[in-house]
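Visitor: Take a look at the following structure, please.
The values are calculated or read from the model by the stated rules, or taken from the named source; none is laboratory data. Please read all numbers here as calculations on a predicted model, not as lab measurements. As a convention, Cβ positions derive from the backbone with ideal geometry for all residues, glycine included, and neighbour counts pool all protein chains shown.
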Amino acid sequence: MEPVVDLHNISHVYVTDREALLAVEGIQMKVLPGEFISLVGPSGCGKTTILSIIAGLLKPALGEVKVKGRTVNGPSPDVGYMLQQDYLFPWRTIMDNTLIGLELTGKLTEHSRSLTAELLKEMGLESSGRLYPQQLSGGMRQRVALVRTLATDPELLLLDEPFSALDYQTKLQLEDLIVSTLRERDKTAILVTHDLSEAIAMSDKVILLNRNPGRVHRTFEVPDHIRRTTPFYARNEMGFNELFHEIWSEMESIGVKE
Ligand code: ADP
Ligand code: MG
């Protein structure tokens, strides 16, 4: 099976007027179709840098990035990027916010508009289409951002700490919603998170990075029966705590626990 994401020996250097910083080095990573993987590691280990490289927003100093078998050299409609901050435009209604990607890519049609309205409905936002972002709670806004990301139907989703500004209960609900929505649509996803239990509950694999420079330290496979369970209940599954402690102690041993 051809990987959706294939990072080959990626290194990136940030150059400022005072220094050159080797942010990530020798990153190898393959993500298969339909896989959900998480990147965890201390702040500054290069998680956002890796997502930006996959999204085509940053060109790596070294190495090759392929998405769906093609070398990345700029943003592509195959990739959707969702951030911690929702970046909704305050002067646009919720519906109009979700249509932005379609407008920008010239794909706004009656059909794509009604699919987007359908997605809003699935996210429990059918009565919010005419409201403005400031009228919505943080959890609702993140759901709008998810609809906006999915509206253009990207095959790959990059999620950079999308839940970290939300309260715990909202975060748990959104975890389930995202996993079920992406699974139904056979999407591939890479999630960056601070929360190790979230990473295990949502993913097929957890990749632990270390820092200075950021490298892949170790990859952990999540057992099948945990993968098949929704994130909320995954936390009660046999083996969940054992895996949590295994990754946690690995983090401590390399001194990357936050
Ligand atoms: P993470 O998302 O894991 O917290 P980042 O990818 O944001 O890490 O950052 C990796 C390293 O690169 C950090 O040391 C950070 O300070 C540095 N860095 C990130 N963005 C820039 C930038 N635009 N200019 C200079 N250094 C940067
Ligand atoms: Mg980051």
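Visitor: For the structure I just gave you, tell me whether residue 51 is outside the structural domain of residue 196 (by TED's automatic domain parsing) and touching a residue at least 40 places away in the same chain (Cβ under 8 Å).
Guide: So residue 51 fails the test.
Visitor: Consider residue 206 against the criteria (1) assigned to a helix (DSSP H, G or I); (2) surrounded by 17 or more Cβ atoms within 10 Å (Cβ to Cβ); (3) under 19 Å from the mean Cα position of the chain (by Cα): it satisfies all of them except one. Which criterion is unmet?
Guide: (1)
Visitor: Identify all residues within segment 186-201 that are among the hydroxyl-bearing types (Ser, Thr, Tyr) and not in a loop (DSSP other than H, G, I, E, B); write none if there are none.
Guide: Answer for segment 186-201, where residues must be among the hydroxyl-bearing types (Ser, Thr, Tyr) and not in a loop (DSSP other than H, G, I, E, B): 188, 197.
Visitor: Follow-up question, since we're still on this one. Do you know which residues across segment 209-258 are assigned to a helix (DSSP H, G or I), of a type in the set (Val, Ile, Thr) and either under 18 Å from residue 189 (Cα atoms) or at pLDDT below 95 (or both)?
Guide: 226
Visitor: Do you know which residues across segment 116-132 are touching a residue at least 24 places away in the same chain (Cβ under 8 Å) and either within 22 Å of the chain's Cα centre (by Cα) or assigned by TED's automatic domain parsing to the domain that holds residue 177 (or both)?
Guide: Result: 116, 119, 120, 122, 123, 125.
Visitor: Looking only at segment 11-46, how many residues end up being outside any loop (DSSP other than H, G, I, E, B) and more than 20 Å from residue 187 (Cα to Cα)?
Guide: Residues in segment 11-46 being outside any loop (DSSP other than H, G, I, E, B) and more than 20 Å from residue 187 (Cα to Cα): 15 in total.
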